[in-house]
Amino acid sequence: MPETSKMKKPDVKVVLLGDMNVGKTSLLHRYTERKFKDTISTVGGAFFLKQWGPYNISIWDTAGREQFHGLGSMYCRGAAAIILTYDVTNWQSLAELEERFLSLTDTANHDCIYAVVGNKADLTDPTAQQSQDTDGMSEDQTECEDRTEPEVLSTSLTSSASPKQVTHEDAMALYGRILRYKGLEEKSSLPAEKMCFETSAKTGYNVDTLFETLFDLVLPSILRKRNEYQESPTVDLEECRGGSSKRARSSCC
């Protein structure tokens, strides 16, 4: 019988937290599948394994519904980075991060990195309204679309604009409170300017920047974890069992 391939083991974990309908699942789909999807609310949690150079990063998408709240701390256990997500058009979604979700991060790594992310920026920011993806499209096709449809695109997106309820400064203030909650000094921590993002899962605005910034920042955590593994390697029970059975057969008769 051919040997089955083993599933790749994640080197590090990144977790998305936030209230329902802020677009956590859509952010993950935009980054991993390069497209926007209208999704239903996540039940419990789900994860995607991302190859980042020689490393494997698991990205966990968690449910924002109150009924699944207790599962959040379990998903955050051992996390190297947590993305606290809110909706820029909904002030309450920012408040919920501090009131409901921040305590769930107590099970994360002691050196966990935190990002505060305002999604749905395309509803309030003209710079976020232009689609960021041209995958599978030639330069000529892109130029043709730019010549023939810019006004239609601008009109359709602008007409659905919503008032912005959360400013970038509000997000930076929350980041400062997260650091204080964790007992960290702002001077020795990553700056709020670097760790607060506004994104659009719909257009792809800033989505790659968000994930790739975090992946670069968690590399020290990955290297430390690998060093710890090399210093105290685990025992493969399957190999032990196989060795024991071979010894038993060789000593028989």
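Brief remarks follow.
- At least 1 residues being within 24 Å of Asn206 (Cβ to Cβ) and at pLDDT below 90 is the threshold, and among the strands (runs of 3 or more DSSP E) wholly inside region 1-83 those reaching it are 45-52, 55-62.
- Region 102-114 residues that are among the small types (Gly, Ala, Ser), paired with ones that are in a loop (DSSP other than H, G, I, E, B) and crowded, with 20+ Cβ neighbours inside 10 Å (beta carbon under 8 Å, 6 or more apart): Ala108/Ala79; Ala108/Ala80
- Top-ranked residue of region 94-121 - restricted to ones that are surrounded by fewer than 20 Cβ atoms within 10 Å (Cβ to Cβ) and polar (S, T, N, Q), ranked as nearest to Ser73 (Cα to Cα): Thr107
The values are calculated or read from the model by the stated rules, or taken from the named source; none is laboratory data. Remember, it's a predicted structure, so these values are computed and weren't measured experimentally. So basically every Cβ, Gly included, is an ideal-geometry build from the backbone, and we count neighbours across all protein chains shown.
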